[in-house]
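Notes to accompany the following structure.
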Amino acid sequence: TTLCNLIPRFYDIDSGEISIDGKNIKSFTLKSLRQQIGIVQQDVYLFSGTVYDNIVYGSLNATKEQVIEAAKLAGADGFIRELKDGYQTYIGERGVKLSGGQKQKIALARALVHDKPIIIFDEATSNTDAYSEQQINGLLDTRLKDKTVIVITHKKEILSKVDQIVVLKEGVVADLGRYDDLIGKSDELNVMLEKAE
């Protein structure tokens, strides 16, 4: 999480360099950098307002159809339509009227409607059910396959889908490689997966 907070420059690094397509992120304005990044966090922040407002936040030019399509892809459309006022349901400060899984699905829909080239999932499936997790995993093979997706997870099902795994231990890279290369060989990865089960 700390590492991924460095990419949109929530914190600045003391040394070294972070680059996107070979360009130092410090050469971008904060606004232009963050406009390229969608983030779905474990601790989702929703705003006081409607479900629709929260999905479209930051993408005010999105059409109603795009919002609904993003909600469908995120597995949120079904429960949203069951709410008292559907997409116009007021969800309260920080989404207090929703479950943790519902909040994460809305945050995922918000990231998808933005259609940003870089997506960060910070334990984004931690509060979702098994079916929703499968749906999100499917997005990695379909809607998100042409994007740069950074996934922070302890779940084997997601790790098996990614191009590159970075195993961190106390802030240092302990192992680096593909799932098939690391599974059973990386002590740190095996310990992490055992703890997650």
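The values are calculated or read from the model by the stated rules, or taken from the named source; none is laboratory data. Keep in mind it's a predicted model, so treat the numbers as computed, not measured. With ideal geometry, Cβ positions are generated from the backbone for all residues, glycine too; neighbour counts draw on all protein chains shown. Note: accessible area is taken over every heavy atom of the protein model, side chains too, but ligands, DNA and RNA are not part of it. Shrake-Rupley method; radii C 1.70, N 1.55, O 1.52, S 1.80 Å.
Couple of notes before you dig in:
- Filter pass, Val96 being surrounded by fewer than 19 Cβ atoms within 10 Å (Cβ to Cβ) and over 30 Å from Ile165 (Cα atoms): yes
- The one condition from (1) open to solvent by 30 Å² or more (accessible area, probe 1.4 Å); (2) modelled with pLDDT under 90; (3) of a type outside the set (Ser, Thr, Tyr); (4) in contact with a Ser or Thr (Cβ under 8 Å, 6 or more places away or on another chain) that Ile91 does not meet is (1).
- Subset of the range 1-10 [open to solvent by 60 Å² or more (accessible area, probe 1.4 Å) and modelled with pLDDT of 90 or more]: Phe10
- The residues of the range 70-85 that are of a type outside the set (Phe, Trp, Tyr) and open to solvent by less than 90 Å² (accessible area, probe 1.4 Å), listed by number, are Ala70, Ala71, Leu73, Ala74, Gly75, Ala76, Asp77, Gly78, Ile80, Leu83, Asp85.
- The requirement of being at pLDDT below 70 and hydroxyl-bearing (Ser, Thr, Tyr) is satisfied by Thr125.
- For the range 99-108, residues that are open to solvent by 20 Å² or more (accessible area, probe 1.4 Å) and touching a helix residue (DSSP H, G or I) at 6+ places or on another chain (Cβ under 7 Å) total 3.
- In the range 39-59, the residues that are closer than 18 Å to Phe79 by Cβ reach residues that are modelled with pLDDT of 80 or more and of a type in the set (Gly, Ala, Ser) with C-beta atoms within less than 7 angstrom, at least six apart or across chains, in these pairs: Val40/Ala107; Val40/Ala111; Val44/Ala107; Ile55/Ala70; Ile55/Ala71; Ile55/Ala109; Val56/Ala62.
- When residues in the range 53-62 are screened for being polar (S, T, N, Q), modelled with pLDDT under 90 and crowded, with 17+ Cβ neighbours inside 10 Å, 1 of them pass.
- In the range 153-166, the residues that are modelled with pLDDT of 85 or more and surrounded by 12 or more Cβ atoms within 10 Å (Cβ to Cβ): Ile165, Val166
- Hits in the range 27-52 - residues which are crowded, with 17+ Cβ neighbours inside 10 Å and of a type in the set (D, E, K, R): Arg34
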